[in-house]
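Enquirer: If you scroll down you'll find the structure; I have some questions about it.
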Amino acid sequence: MEDQAQAGKRAAAKRAVDERIRDNQVVGIGSGTTIVSAVERLVERVRDEKLSVVCIPTSFQARQLILENKLPLGTLEQYPQLDVAIDGADEVDAHLNLIKGGGGCLTQEKIIASCAKEFYVIADDRKDTAKLGTYWKKGVPIEVVPMAYRPVQLKIQQQLGGKTELRMAHRKAGPIVTDNGNFIIDWMFDGTPDWVEADRKLHCIPGVLETGLFLNMAKAAYFGTSDGNVSVRIPEISPS
(Lines give C-alpha, C1' and ligand atoms only; values in the text may rest on other atoms or scores of the structure.)
Protein backbone atom coordinates (compact mmCIF):
# COMPACT_ATOMS: atom_id res chain seq x y z
CA MET A 1 0.00 0.00 0.00
CA GLU A 2 2.81 2.40 0.90
CA ASP A 3 4.65 1.69 -2.37
CA GLN A 4 1.45 2.46 -4.26
CA ALA A 5 1.07 5.75 -2.38
CA GLN A 6 4.66 6.66 -3.22
CA ALA A 7 3.99 5.98 -6.89
CA GLY A 8 1.00 8.31 -6.74
CA LYS A 9 3.04 11.03 -5.04
CA ARG A 10 5.78 10.77 -7.66
CA ALA A 11 3.30 11.01 -10.52
CA ALA A 12 1.58 14.06 -9.04
CA ALA A 13 4.90 15.74 -8.24
CA LYS A 14 6.28 15.23 -11.75
CA ARG A 15 3.23 16.63 -13.49
CA ALA A 16 2.94 19.65 -11.18
CA VAL A 17 6.62 20.52 -11.56
CA ASP A 18 6.44 20.08 -15.34
CA GLU A 19 3.32 22.22 -15.70
CA ARG A 20 3.83 24.91 -13.09
CA ILE A 21 7.52 25.70 -12.76
CA ARG A 22 9.14 27.84 -15.45
CA ASP A 23 12.46 29.55 -16.05
CA ASN A 24 13.49 32.51 -13.86
CA GLN A 25 11.00 31.77 -11.08
CA VAL A 26 11.22 31.98 -7.31
CA VAL A 27 9.78 28.70 -6.04
CA GLY A 28 8.47 27.79 -2.58
CA ILE A 29 9.50 24.25 -1.65
CA GLY A 30 7.15 22.47 0.75
CA SER A 31 7.92 19.83 3.36
CA GLY A 32 7.32 16.11 3.73
CA THR A 33 7.80 12.95 1.72
CA THR A 34 5.84 14.10 -1.34
CA ILE A 35 8.12 17.08 -1.85
CA VAL A 36 11.17 14.83 -2.22
CA SER A 37 9.76 13.67 -5.56
CA ALA A 38 9.04 17.26 -6.61
CA VAL A 39 12.61 18.32 -5.86
CA GLU A 40 14.00 15.31 -7.73
CA ARG A 41 11.99 16.31 -10.81
CA LEU A 42 13.02 19.95 -10.45
CA VAL A 43 16.68 18.89 -10.33
CA GLU A 44 16.18 16.97 -13.59
CA ARG A 45 14.63 20.00 -15.28
CA VAL A 46 17.36 22.35 -14.04
CA ARG A 47 19.96 19.94 -15.42
CA ASP A 48 18.26 19.13 -18.72
CA GLU A 49 16.61 22.47 -19.54
CA LYS A 50 19.07 24.78 -17.77
CA LEU A 51 16.25 26.35 -15.77
CA SER A 52 17.19 29.24 -13.51
CA VAL A 53 15.22 29.08 -10.26
CA VAL A 54 15.59 30.19 -6.65
CA CYS A 55 14.12 27.90 -3.98
CA ILE A 56 12.60 29.15 -0.72
CA PRO A 57 12.21 26.43 1.97
CA THR A 58 9.26 25.90 4.31
CA SER A 59 11.23 24.01 6.97
CA PHE A 60 14.68 22.80 8.03
CA GLN A 61 13.96 19.59 6.11
CA ALA A 62 13.13 21.53 2.94
CA ARG A 63 16.26 23.66 3.34
CA GLN A 64 18.42 20.54 3.63
CA LEU A 65 16.71 19.02 0.59
CA ILE A 66 17.46 22.13 -1.46
CA LEU A 67 21.09 22.23 -0.35
CA GLU A 68 21.68 18.49 -0.82
CA ASN A 69 20.43 18.75 -4.39
CA LYS A 70 22.56 21.84 -5.07
CA LEU A 71 19.61 24.03 -5.98
CA PRO A 72 19.88 27.80 -5.41
CA LEU A 73 18.64 28.66 -1.89
CA GLY A 74 16.91 31.92 -1.06
CA THR A 75 15.04 33.52 1.84
CA LEU A 76 11.89 35.58 2.23
CA GLU A 77 14.06 38.55 3.16
CA GLN A 78 15.58 38.39 -0.31
CA TYR A 79 12.41 37.29 -2.11
CA PRO A 80 9.27 38.32 -0.19
CA GLN A 81 7.13 37.57 -3.25
CA LEU A 82 7.26 34.12 -4.83
CA ASP A 83 6.09 33.08 -8.26
CA VAL A 84 4.87 29.62 -7.25
CA ALA A 85 4.83 27.29 -4.25
CA ILE A 86 4.34 23.52 -4.29
CA ASP A 87 3.54 21.49 -1.17
CA GLY A 88 1.78 18.36 -0.02
CA ALA A 89 -1.31 18.03 2.17
CA ASP A 90 -2.73 15.62 4.71
CA GLU A 91 -6.21 15.95 3.21
CA VAL A 92 -7.97 18.00 0.52
CA ASP A 93 -11.72 18.52 0.26
CA ALA A 94 -13.97 19.33 -2.69
CA HIS A 95 -13.43 23.09 -2.26
CA LEU A 96 -9.65 22.70 -1.99
CA ASN A 97 -9.67 23.36 1.73
CA LEU A 98 -6.60 21.63 3.16
CA ILE A 99 -5.48 20.10 6.42
CA LYS A 100 -1.71 20.43 6.67
CA GLY A 101 0.79 20.13 9.48
CA GLY A 102 1.05 16.40 10.01
CA GLY A 103 4.80 16.92 9.88
CA GLY A 104 4.67 19.95 12.17
CA CYS A 105 5.78 22.60 9.64
CA LEU A 106 2.41 24.32 9.16
CA THR A 107 3.37 27.88 10.10
CA GLN A 108 6.27 28.24 7.70
CA GLU A 109 4.34 26.31 5.04
CA LYS A 110 1.42 28.73 5.30
CA ILE A 111 3.70 31.77 5.19
CA ILE A 112 5.37 30.53 2.02
CA ALA A 113 2.04 29.61 0.40
CA SER A 114 0.63 33.06 1.24
CA CYS A 115 3.63 34.77 -0.40
CA ALA A 116 3.26 32.88 -3.68
CA LYS A 117 1.28 34.15 -6.64
CA GLU A 118 0.24 30.54 -7.28
CA PHE A 119 0.06 27.71 -4.72
CA TYR A 120 -0.30 24.10 -5.87
CA VAL A 121 -0.86 20.93 -3.87
CA ILE A 122 0.53 17.50 -4.75
CA ALA A 123 -0.61 14.25 -3.14
CA ASP A 124 -1.53 10.65 -3.76
CA ASP A 125 -5.21 10.06 -4.47
CA ARG A 126 -5.95 8.86 -0.91
CA LYS A 127 -5.81 12.49 0.20
CA ASP A 128 -8.62 13.50 -2.18
CA THR A 129 -11.86 13.54 -0.17
CA ALA A 130 -15.29 15.13 -0.34
CA LYS A 131 -14.97 16.56 3.18
CA LEU A 132 -12.17 16.98 5.67
CA GLY A 133 -11.92 14.24 8.26
CA THR A 134 -12.87 11.43 5.88
CA TYR A 135 -9.35 10.11 5.49
CA TRP A 136 -7.27 12.14 7.93
CA LYS A 137 -8.26 11.09 11.46
CA LYS A 138 -5.50 12.87 13.38
CA GLY A 139 -7.22 16.24 13.60
CA VAL A 140 -6.25 19.79 12.69
CA PRO A 141 -2.70 20.66 13.76
CA ILE A 142 -2.38 23.93 15.66
CA GLU A 143 0.96 25.51 16.56
CA VAL A 144 0.94 27.08 20.03
CA VAL A 145 3.30 28.97 22.32
CA PRO A 146 4.51 26.39 24.88
CA MET A 147 3.43 28.28 28.02
CA ALA A 148 -0.14 28.50 26.71
CA TYR A 149 -0.72 24.98 25.43
CA ARG A 150 -3.00 23.88 28.26
CA PRO A 151 -5.28 26.98 28.29
CA VAL A 152 -5.44 26.77 24.50
CA GLN A 153 -6.55 23.14 24.68
CA LEU A 154 -9.35 24.01 27.09
CA LYS A 155 -10.53 27.01 25.06
CA ILE A 156 -10.64 25.00 21.84
CA GLN A 157 -12.77 22.32 23.49
CA GLN A 158 -15.07 24.89 25.09
CA GLN A 159 -15.53 27.00 21.95
CA LEU A 160 -15.37 24.42 19.18
CA GLY A 161 -16.04 21.05 20.79
CA GLY A 162 -14.23 17.85 19.96
CA LYS A 163 -11.04 16.97 21.79
CA THR A 164 -7.43 18.10 21.73
CA GLU A 165 -4.12 16.33 22.24
CA LEU A 166 -0.63 17.69 22.75
CA ARG A 167 1.48 15.98 20.09
CA MET A 168 4.22 13.92 21.71
CA ALA A 169 7.58 12.97 20.23
CA HIS A 170 8.34 9.34 19.41
CA ARG A 171 12.09 9.21 19.94
CA LYS A 172 12.43 11.65 22.82
CA ALA A 173 10.60 12.25 26.05
CA GLY A 174 8.08 15.08 25.90
CA PRO A 175 6.23 16.97 23.18
CA ILE A 176 7.28 17.61 19.60
CA VAL A 177 8.99 20.99 19.21
CA THR A 178 8.54 22.80 15.88
CA ASP A 179 11.23 24.60 13.88
CA ASN A 180 9.91 27.75 15.59
CA GLY A 181 10.37 26.34 19.09
CA ASN A 182 6.66 25.81 19.72
CA PHE A 183 4.29 22.90 20.49
CA ILE A 184 1.64 21.27 18.31
CA ILE A 185 -1.91 20.60 19.47
CA ASP A 186 -4.06 18.31 17.33
CA TRP A 187 -7.77 19.16 17.38
CA MET A 188 -10.03 16.19 16.67
CA PHE A 189 -13.17 17.99 15.49
CA ASP A 190 -16.77 16.79 15.50
CA GLY A 191 -18.80 16.61 12.30
CA THR A 192 -18.07 19.11 9.52
CA PRO A 193 -17.43 22.56 10.98
CA ASP A 194 -17.73 25.85 9.14
CA TRP A 195 -14.03 25.92 8.38
CA VAL A 196 -13.72 29.67 7.89
CA GLU A 197 -15.43 30.35 11.21
CA ALA A 198 -13.46 27.61 12.98
CA ASP A 199 -10.20 29.02 11.70
CA ARG A 200 -11.18 32.52 12.80
CA LYS A 201 -12.04 31.33 16.30
CA LEU A 202 -8.79 29.40 16.61
CA HIS A 203 -6.74 32.43 15.60
CA CYS A 204 -8.52 34.52 18.23
CA ILE A 205 -7.30 32.30 21.07
CA PRO A 206 -4.23 33.85 22.73
CA GLY A 207 -1.26 31.53 22.38
CA VAL A 208 -2.26 30.13 18.98
CA LEU A 209 0.39 30.94 16.41
CA GLU A 210 -1.08 29.24 13.35
CA THR A 211 -3.50 26.51 12.26
CA GLY A 212 -3.19 23.69 9.74
CA LEU A 213 -6.33 24.86 7.93
CA PHE A 214 -5.28 26.20 4.53
CA LEU A 215 -8.48 27.78 3.21
CA ASN A 216 -8.96 29.47 -0.17
CA MET A 217 -5.24 29.27 -0.86
CA ALA A 218 -4.60 26.49 -3.38
CA LYS A 219 -5.12 27.19 -7.06
CA ALA A 220 -5.22 23.48 -7.94
CA ALA A 221 -4.42 20.07 -6.49
CA TYR A 222 -2.66 17.25 -8.31
CA PHE A 223 -3.61 13.71 -7.23
CA GLY A 224 -1.55 10.77 -8.46
CA THR A 225 -2.58 7.12 -8.56
CA SER A 226 -0.44 4.02 -8.19
CA ASP A 227 -0.55 3.40 -11.97
CA GLY A 228 0.87 6.84 -12.74
CA ASN A 229 -2.33 8.64 -13.69
CA VAL A 230 -2.86 12.16 -12.34
CA SER A 231 -6.09 14.09 -11.87
CA VAL A 232 -6.19 17.84 -11.31
CA ARG A 233 -8.79 19.42 -9.07
CA ILE A 234 -9.67 23.09 -9.03
CA PRO A 235 -11.84 24.58 -6.27
CA GLU A 236 -15.56 23.94 -6.45
CA ILE A 237 -17.72 26.97 -5.82
CA SER A 238 -19.42 26.66 -2.43
CA PRO A 239 -23.23 26.85 -2.59
CA SER A 240 -24.55 30.22 -1.44
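Enquirer: Order the following by accessible area, largest value first: M168, M188. Probe radius 1.4 Å; ligands, DNA and RNA are ignored.
Expert: Accessible-area ranking of M168, M188, largest first: M168, M188.
Enquirer: How much length, in nm to one decimal, is gained on full extension between S226 and K137, taken as 0.36 nm per residue of separation minus their Cα-Cα distance? Could you put the intermediate results ahead of the total?
Expert: Details: separation 89, 0.36 × 89 = 32.04 nm, distance 2.23 nm.
The span from S226 to K137 would gain 29.8 nm if fully extended.
Enquirer: Of the options A16, V54, Q4, report the single residue whose Cα projects farthest towards the positive end of the charge dipole of the range 1-74 (beta-carbon charges: Lys, Arg +1; Asp, Glu -1).
Expert: V54
Enquirer: For H203, H95, H170, give me the order by solvent-accessible area with a 1.4 Å probe, most accessible first, ignoring ligands, DNA and RNA.
Expert: Largest accessible area first, the residues go H170, H203, H95.
Enquirer: May I ask you to derive the relative contact order of the chain, considering only C-alpha pairs under 8 Å and at least 6 residues apart, and to give it as an integer percent?
Expert: 25
Enquirer: Return one number: the angle in degrees, 0 to 90 and rounded to the nearest 10, between the long axis of the Cα atoms of helix 2-20 and the longest principal axis of the Cα atoms of the chain.
Expert: Its long axis makes an angle of about 60 degrees.
Enquirer: A further question on this structure: To the nearest 10 degrees, how steep is helix 149-160 against the longest Cα principal axis of the chain, on a 0 to 90 scale?
Expert: 80
Enquirer: Another one. Helix 106-115 versus the longest principal axis of the chain: what is the Cα-based angle in degrees, 0 to 90, to the nearest 10?
Expert: Computed tilt is about 50 degrees.
Enquirer: Show me, bin by bin at 10 Å from 0, the whole-percent P(r) of the chain based on Cα pairs.
Expert: 8, 32, 36, 20, 4, 0
Enquirer: May I ask you to evaluate 6.51 cos²θ - 1.76 cosθ + 1.60, the Karplus curve with θ = phi - 60°, for each residue of the range 72-84 and list the ³J(HN,Hα) values in order in whole Hz, giving x for glycine and proline?
Expert: x, 9, x, 10, 5, 5, 7, 10, x, 10, 9, 6, 8
Enquirer: Continuing with the same structure: What percentages make up the Cα-Cα pair-distance distribution of the range 85-220 when the bins are 10 Å wide from 0?
Expert: Reading the bins upward from 0: 12, 45, 35, 7, 0.
Enquirer: Here is a further query. Which value, in Å³ per residue, describes the convex hull spanned by the Cα atoms of the range 13-55?
Expert: Roughly 57 Å³ of hull volume per residue.
Enquirer: Also, I was wondering about something else. Gap in Å between the Cα centre of the range 29-93 and the Cα centre of the range 188-219?
Expert: Here the two parts' Cα centres lie 26 Å apart.
Enquirer: Then there is this: Between rounded, prolate and oblate, where does the range 168-240 land on the alpha carbon gyration tensor, with a ≥ b ≥ c its root eigenvalues, rounded for a/c under 1.5, else prolate if a/b exceeds b/c?
Expert: Working: a/c = 2.48, a/b = 1.33, b/c = 1.88.
It comes out oblate by the Cα gyration axes.
Enquirer: Ok, one more. Could you do me a favour and compute the accessible area per residue for the range 1-105, 1.4 Å probe, result in Å²?
Expert: 44
Enquirer: Which FRET efficiency value, to the nearest 0.05, do you get for D18 and E68 by plugging their Cβ-Cβ distance into 1/(1 + (r/R0)^6) with R0 = 22 Å?
Expert: Between D18 and E68 the formula returns 0.50.
Enquirer: Note down the nm distance, to one decimal, between modelled labels 7 Å out along Cα→Cβ at E236 and at I111.
Expert: Between E236 and I111, the simple spin-label model gives 3.5 nm.
Enquirer: What's the carbon and sulfur percent of the chain's accessible surface, probe 1.4 angstrom, rounded to a whole number? Write out the running numbers ahead of the final one.
Expert: Numbers: 5950 of 11630 Å².
Its accessible area is 51 percent carbon and sulfur atoms.
Enquirer: Given labels modelled 7 Å from the Cα in the Cβ direction, how far is it in nm from R150 to K172?
Expert: Rounded to a tenth, the inter-label distance reads 2.2 nm.
Enquirer: Now for a different question. Convert each backbone phi in the range 42-59 into a coupling constant with the Karplus relation 6.51 cos²θ - 1.76 cosθ + 1.60 (shift: θ = phi - 60°), then list the ³J(HN,Hα) values in order as whole Hz, x for Gly and Pro.
Expert: Karplus values, whole Hz, x for Gly and Pro: 4, 4, 4, 5, 4, 5, 7, 10, 6, 5, 10, 9, 10, 10, 10, x, 9, 6.
The values are calculated or read from the model by the stated rules, or taken from the named source; none is laboratory data. Please read all numbers here as calculations on a predicted model, not as lab measurements. In this analysis, Cβ positions are derived from the backbone assuming ideal geometry, glycine residues included, and neighbour counts consider all displayed protein chains. Note: accessible area is taken over every heavy atom of the protein model, side chains too, but ligands, DNA and RNA are not part of it. Shrake-Rupley method; radii C 1.70, N 1.55, O 1.52, S 1.80 Å.
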